[in-house]
1. For Ser292, work out the one condition from (1) modelled with pLDDT of 80 or more; (2) under 22 Å from Gly165 (Cβ atoms); (3) small (Gly, Ala, Ser) it doesn't fulfil.
2. Run Met150 past the list (1) at pLDDT 85 or above; (2) of a type in the set (A, V, I, L, M); (3) surrounded by fewer than 21 Cβ atoms within 10 Å (Cβ to Cβ) and report the number of the one that doesn't hold.
3. Please enumerate the residues belonging to the range 104-119 that are touching a Ser or Thr at 6+ places or on another chain (Cβ under 9 Å) and buried (at least 17 other Cβ atoms within 10 Å of the Cβ).
4. Quick test for you: out of Phe402, Phe426, pick the one residue that is touching a helix residue (DSSP H, G or I) at 6+ places or on another chain (Cβ under 8 Å), surrounded by 13 or more Cβ atoms within 10 Å (Cβ to Cβ) and modelled with pLDDT under 80.
5. Can you tell me which residues in the range 184-208 are assigned to a loop (DSSP other than H, G, I, E, B) and either within 16 Å of Asp232 (Cβ to Cβ) or not assigned by TED's automatic domain parsing to the domain that holds Tyr227 (or both)?
6. Restricted to the range 409-421, and to residues that are over 14 Å from Trp452 (Cα atoms) and part of a loop (DSSP other than H, G, I, E, B), which residue is nearest to the chain's Cα centre (by Cα)?
7. Please go through the range 82-129 and pick out each residue that is part of a helix (DSSP H, G or I) and of a type in the set (D, E, K, R).
8. Checking the conditions here, which among Thr341, Thr329 is under 19 Å from Val313 (Cβ atoms) and among the β-branched types (Val, Ile, Thr)?
Amino acid sequence: MQLAKEIKSTTPQDSRKKAIKLFQKYYGLETTGLVDDATFELMTSSRCGVPDNPEILASYDDNTNTTKPLAYKLTGPKWKYSTIRWGISQFTNQLQRESQRKSLTDAFQRWQAVSDLKFVYSEDKPDIDIRFVSREHGDGSAFDGRSNKMKGNVLAHAFPPGSGGLSGDAHFDNDELWTIDVDNKDWERKYLEKVAAHEFGHSLGLQHSNVDGALMSAYYSGVKRTYDLSDDDINAIQYLYGKPNGWFPTLGGFVPTRAPTVPTCNSLFQAVVWGTDRKAYGIYMDLAYAISDGQYAQGIPQRLQTVFPGAPVEVDFAFTMNQNTRTKTYMFMGPSVWRFTGYTLDRDYPKGFNVGQLPEPPISAVAVAENGLPSIFMFGRTKWWIWDETKYNVVRPKGLDFQGFWSHNPSKYPLVTKYTDGDVYFIHNDNHVRLNARTARSGYPKKGVPEWIFQSCPNTATTASRTDYIGSIVCALLLLWTTIARH
């Protein structure tokens, strides 16, 4: 978190310049820190609505303004079968339906030709549901209208593979002007097949690429409607699903198709909380990833302050507890605590949170029912204690050792949370324990993370290193360049 701390301590002008430089670094522009013509042109260009994958920042040398080339990026989850069904539940009225099907079929064929996947059109519960929609359309990621140089630059978005209701689905902004004619000279019209092929890459598990010429680049190049998959695109899809003959690439050649390895998560959430609708959210930096009923539900994260208006920019830790039919969510950041009833910030919050009165600085907390009443357990590095949310003090001031009360030591797990199934989870990025109250369930600990964590693991990438600050920096950057472009 060192860089994040440095940025917070600089002036607004310095922060603005740093954010612009991060944008320029990521997209291979000259890193001037100024919105020059090339930067402005890219910032205001049409693009995919899926957030960028910024591992490139981790390899940036601020002294030489150079970056190391990075391999392709993956979202983490993949389809567990090779025949993928797709369908269109909402067509656009701009084009004939059959021509839309043909264009989208051709887009899928680009990926089928270089992988061991097969795509089949089906209107009966398809894996990938395609919709042309406008503005707010029920997935938490509203479109922004027809593209022009000052607003409305998002064309479409798609969700990664998984088992939730939105998994794999692709949505296209119906306010955009679309064409299926590669020779159409009306450059305001977006070439559907090219945009769809990009979005289907996300539906299959790929993230954005910063490789020049890759189909999975975030920005749409309308002046060139013809396209091919780059080597980067092909390497990525074959890593996930193998070549057409069913062999998978490795650094040393090829190995036969085999089952997925243990599900790990390189970047765990800081906390998991939920609202009155029982929809759970994993908090990672200033983003909230929606999870529902243990299944992947939301591929495109929202800002934490969008889901919980009035929330802090980030959290050190957080937890949710049930109180009758209501949920109370506590978020802790530095010397303050925020409390929400459902998704609404309670009156007189945030309040002061005096860490100095605790046995040691807390790193996590969880609400567990004891004798029918919820108790809030806080954990430090060596001690645990019960925290009284009504008096904001410690019930057992000295703190107690972990041994003898908890079947496993929660301080060894970066994420301690209660999930909507009622159980408590101690989670490391490569193993976890599931507890009923304070006792581990049979068969635990297990290797890997819980399935509901794996399916929504934030910014998972299999081939690139990452740093703790990336998520918040890029989110702030995107907001900054949008503001700059419009003013």
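The values are calculated or read from the model by the stated rules, or taken from the named source; none is laboratory data. Note that this is a predicted model, so its numbers are computed, not measured. Backbone-built Cβ (ideal geometry, glycine too); neighbour counts: all protein chains shown.
1. (1)
2. With (1) at pLDDT 85 or above; (2) of a type in the set (A, V, I, L, M); (3) surrounded by fewer than 21 Cβ atoms within 10 Å (Cβ to Cβ) applied to Met150, the lone miss is (1).
3. In the first step, residues of the range 104-119 are kept if they are touching a Ser or Thr at 6+ places or on another chain (Cβ under 9 Å); the result is 115-119.
Within the range 104-119, Ser115, Asp116, Leu117, Phe119 qualify.
4. Phe402 is the lone residue from the list that is touching a helix residue (DSSP H, G or I) at 6+ places or on another chain (Cβ under 8 Å), surrounded by 13 or more Cβ atoms within 10 Å (Cβ to Cβ) and modelled with pLDDT under 80.
5. Narrowing the range 184-208 to residues assigned to a loop (DSSP other than H, G, I, E, B): 184-189, 205, 207-208.
Once the filter is applied, which keeps residues that are assigned to a loop (DSSP other than H, G, I, E, B) and either within 16 Å of Asp232 (Cβ to Cβ) or not assigned by TED's automatic domain parsing to the domain that holds Tyr227 (or both), the range 184-208 yields Gly205, Gln207, His208.
6. Result: Pro414.
7. If the condition is that a residue be part of a helix (DSSP H, G or I) and of a type in the set (D, E, K, R), then Arg97, Glu98, Arg101, Lys102, Asp106, Arg110 are the ones that fit.
8. Working: Thr341 fails: under 19 Å from Val313 (Cβ atoms).
None of the others qualify; the one that does is Thr329.
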